[in-house]
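Notes follow once the structure below has been shown.
Any read-out appearing in this document is the output of simple, stated calculations on the displayed coordinates, not a laboratory observation. Small disclaimer: the values here were computed from a predicted structure and weren't measured. Cβ: placed from backbone, ideal geometry, glycine included. Neighbour counts: every protein chain shown.
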Amino acid sequence: MAPVFEYAPAPESRAVVDLAPSYGLFIDGEFTESAGGDLVKTVSPATEEVLAEYTRGTAEDVDRAVRAARKAFETWSALPGAERAKYLFRIARVIQERSRELAVLETLDNGKPIRETRDADLPLVAAHFFYYAGWADKLGHAGFGPDPRPLGVAGQVIPWNFPLLMLAWKIAPALAAGNTVVLKPAETTPLSALFFADICRQAGLPRGVVNIVTGDGATGAALVAHPDVDKVAFTGSTAVGKEIARTVAGTAKKLTLELGGKGANIVFDDAPVDQAVEGIVNGIFFNQGQVCCAGSRLLVQESVHDEVLDALKRRLSTLRLGDPLDKNTDIGAINSAEQLARITALADQGEAEGAERWSPSCELPSSGYWFAPTVFTGVTQAHTIARDEIFGPVLSVLTFRTPDEAVAKANNTPYGLSAGIWTEKGSRMLAVAGRLRAGVIWSNTFNKFDPTSPFGGYKESGFGREGGRHGLEAYLDV
Amino acid sequence: MPDAGPAPARGLTRPVPLRGLYSRYARRYARLVTMPTTAPAPGSTASAPGLADVTASDSTLRLFLHGLPGVDAVGLEARAAALGTRSIKTTAKAYALDLAISMVDLTTLEGADTPGKVRALGAKAVRPDPADRATPSTAAVCVYPDMVPAAKEAVAGSGVKVASVATAFPAGRASLAVKLADVREAVAAGADEVDMVIDRGAFLAGRYLKVYEEITAVKEACGTDARLKVIFETGELSTYDNIRRASWLGMLAGADFIKTSTGKVAVNATPANTLLMLEAVRDFRAATGVQVGVKPAGGIRTAKDAVKFLVLVNETAGADWLDNHWFRFGASSLLNDLLMQRQKLATGRYSGPDYVTVD
């Protein structure tokens, strides 16, 4: 018996990240003190170590940021598109140059593995800025009339699961179209947005075009409700999204919402099994399942259920859980104690409702917020874990017999963000895709993103599209 | 800042055979496959007993091979690339380099091969790094049949095996009688291992049973002493579906090893085609209990690449294959890079090509 091939620790150095003890608010081109907002700690979810303190922005701070953005809008929107593009290209290049630093920072603050921030988040962030930089001088050719105008000041509220990527999805199209922005990052992951503020300075972006106001739900609510905001863009939970929709109802504000999901990953009996297993893993365990478009419901054809589940379980037992900064880590930490509690409660409920729970034998670190990859089999449409978004590394496995049944079950959810279809038969793939009510449908892959592709939801998953030509529409007066 | 970070990343468990996994393929091919009630002992090289019905006729064999799950090329290559990002450092690297050295089939397959050249190769295989006696020997030397006697002499008493290509290598375009004579000559000269090529023409024409029968005939000619490696020439089979079918075909016919390529065509071993073959041997053992080795050959030139292949083995087939009885590299220039990396790890400095022997 050969000795075991144990991978030695291969931690990415955190020396590349220079964190200040505390951060103010980035308003009108500089970091400023808050008017009365207190300091809040942000911790590393993997160790609970305090990384830095940031400012809880007040309504007064939000007002100051919106006024700065309004002032900057006049000149920014009057710039020729090619000039705005130069700034965006410059930002994209700086992001590429600083990508290692930003990847480590994101891993520290969010808890996701460095492999993901390095290979997925950061390349996509840069690609998003490059892509929309290209649109800035071609807005007249985007299909929204010869000279579409920007909306004004955009108030943007983003989640903690992809802090910098969601920032890119919001800021890049807004600036390309000629808007100015006030962005509020999530409560648990403010740091990469504050580093982005520094990148804006480094790129020489005019003052007030991008403003970052950190804070909690109250800060976000103040931004959304501010009377001088022309456009609200939100990515986050469906509950908060509904609240925001109520707030802006009856105003002239334009609104886009990207909310929750309960994506169905449909595996037919003629699927390429080994790749389908990879897709299932990528669909639900990428970013610890904290992905709005996660493939959290596996719909597998009953005739191959055992074969697929056996292969999936074997694959899951090779996943490496631990220090997110280790380059060989596949599964990192859950973002916060609050989220961990929610995942734990829903998983326990799944068990209580009679679904069969399975996890690979798994040693969790003693400090930090951790949840083992979990698979529930014997799940039906009636189970809570088949209906509610868990937003964690928990897969619910259901079976179906025919394509019609697969479509019916996949669509039987209040959400409609993503779906996946695994089959080697092209005609079946196209026929099923046409009947799924989901904004993004992947075939023989899952969780693949590209700035050229629009992304958004049906039903309670929200409305409006981000990415691609469609993503411009949300920031133009059309 | 507390120094005690979270526990280092580690595999959740060693891959263990799961209950039910064993019969994964049995379920899929319930009508074709009769399962053995107990798995043969590991190391058994008997051809798959439970799958005998599959090869009863051309049509059952075709039905079986075309019933194997398809391969999604994009997904397969993405998985191979993702495993290529594993970071193998310090102790893990030292282990991997030594393991890789011990898995090399040090190869010379040139028209210009001479007994002198083969002797030099044999000496190198036995003692790859004369400056460091702790360096493991390679697994084998791999030569043409007429060079087997010279190779045998060069590695005598060392435990290094002699592998001989045969069956009208590399094209395989000869009659079965000629191929078998080629094999018998190599075995008679003392070859411990025979590397045969399949008839790609027959495979691509859909004559699977002809390919099968040729392999079984060669296996028989190898007798009980020589292990048989079956080369598919994956670059000529071209599609991943074909590579998966060829893998199962070779294993059904009694291959001890399945091997990617001859090294004589444009596309040889790649991470993706090796990953696919590792999945095949893993699934074959789950279905039949018989373990088959894998040998990527051609195009693996750097230690870094070799370590990536070992990661593929570790995370696909599992630790049982991390041994030169079950995994080989068909290579020549790879060895010197492995040795230089080994010296670097030991001394902290890179030496130059003059500090490893030219063979």
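First check a/c for the range B:52-345, with a ≥ b ≥ c the square roots of the eigenvalues of its C-alpha gyration tensor; if it is under 1.5, answer rounded, and if not, answer prolate when a/b is larger than b/c or oblate otherwise. Cα axes put the range B:52-345 in the oblate bin.
Please tell me the relative contact order of the range A:264-443 in percent, rounded to the nearest whole number, where contacts are Cα pairs under 8 Å and at least six residues apart.
29 percent
Rounded to the nearest 5, the antiparallel percentage of DSSP beta bridges internal to chain A is 30%. Tell me the net charge near A:Ile95. Cut-off is 14 Å between Cβ atoms, A:Ile95 excluded, with +1 for each Lys or Arg and -1 for each Asp or Glu. Neighbourhood net charge equals +1. Between amide H atoms placed 1.01 Å from N, distances below 5 Å from B:Ala331 occur with B:Asp105, B:Thr107, all of them 5 or more places distant or on a separate chain. Here the Karplus relation 6.51 cos²θ - 1.76 cosθ + 1.60, evaluated at θ = phi - 60°, turns the backbone of the range A:234-244 into coupling constants of 9, 10, x, 6, 5, 4, 5, x, 5, 4, 5 Hz, with x for every Gly and Pro.
Report, for the protein assembly as shown, the % of DSSP beta bridges that are antiparallel, rounded to 5.
Roughly 25 percent of the beta bridges in the protein assembly as shown run antiparallel, per DSSP.
Averaging the Cα positions of each part gives two centres, and for the range A:462-478 and the range B:268-299 these lie 47 Å apart. Sorted on the mean count of surrounding Cβ atoms within 10 Å across their residues, most packed first, peptides A:355-367, B:86-98 read B:86-98, A:355-367.
On a 18 Å Cα-Cα criterion, which of the cross-link pairs A:Lys138/A:Lys254; B:Lys229/B:Lys295; B:Lys89/B:Lys308; A:Lys327/B:Lys304; A:Lys86/A:Lys231 come out too long?
Violating the 18 Å Cα-Cα cut-off are A:Lys138/A:Lys254; A:Lys86/A:Lys231.
Using the Karplus relation 6.51 cos²θ - 1.76 cosθ + 1.60 with θ = phi - 60°, the per-residue 3J(HN,Hα) values for the range A:181-194 come to 9, 10, 10, 10, x, 5, 4, 8, 9, x, 5, 5, 5, 5 Hz, with x marking Gly and Pro. The packing ranking of peptides B:202-211, B:154-163, highest mean first, is B:154-163, B:202-211, where packing means the average number of other beta carbon atoms within 10 angstrom of each residue.
Remark: the range B:80-91, residue by residue, has Karplus-estimated 3J(HN,Hα) of 4, 5, 5, 5, x, 8, 4, 9, 9, 10, 6, 5 Hz, where x stands for each Gly or Pro and the curve is 6.51 cos²θ - 1.76 cosθ + 1.60 at θ = phi - 60°. Electrostatic tally near B:Gly75: other residues with Cβ closer than 11 Å to its Cβ, Lys and Arg +1, Asp and Glu -1, net -2. For the segment A:38-51, counting C-beta atoms of other chains within 10 Å of every residue's C-beta and taking the mean gives 1. The amide H of A:Leu51, built 1.01 Å from its N in the peptide plane, has A:Thr42, A:Val43, A:Ser44 as neighbours under 5 Å, considering only residues 5 or more places off or on other chains.
Other protein chain C-beta atoms within 10 Å of residue C-beta, averaged over A:444-455: 1. For chain B, what does the relative contact order come out to in percent, with C-alpha contacts under 8 Å and a separation of six or more? Reported as a whole number, the value is 21 percent. Legend: translational diffusion of the range A:264-443 by Stokes-Einstein, Rh = Kirkwood radius over C-alpha pairs, 4 °C, 1.567 mPa s; D = 79 µm²/s. Normalised Debye scattering of chain A at q = 0.05, 0.08, 0.09 Å⁻¹ gives log10 I(q)/I(0) of -0.18, -0.46, -0.59, counting only Cα atoms as equal scatterers and leaving out solvent.
Taking Cα centre as origin and charging only the Cβ of basic (Lys, Arg, +1) and acidic (Asp, Glu, -1) residues, the dipole magnitude of chain B rounds to 820 debye.
With springs only between Cα atoms under 10 Å apart, run a GNM on chain B and tell me which of B:Ala181, B:Ala56, B:Ala112 wobbles the most. Its mean-square fluctuation being the largest, the pick is B:Ala112. Note on chain B: GNM, Cα springs under 10 Å; of B:Val311, B:Val74, B:Val178, the largest mean-square fluctuation is that of B:Val74. Of B:Thr216, B:Thr260, B:Thr347, the residue with the greatest mean-square motion in the GNM of chain B, using alpha carbon springs below 10 Å, is B:Thr347. Restricting attention to the range A:264-443, close to 10% of DSSP beta bridges with both partner residues there are antiparallel. Taking amide H as placed 1.01 Å from N in the peptide plane, B:Gly70 has its amide H under 5 Å from the amide H of A:Val273, each at least 5 places away in sequence or on another chain. With a 10 Å cut-off around each Cβ of B:85-96, the average count of Cβ atoms from other chains is 5.
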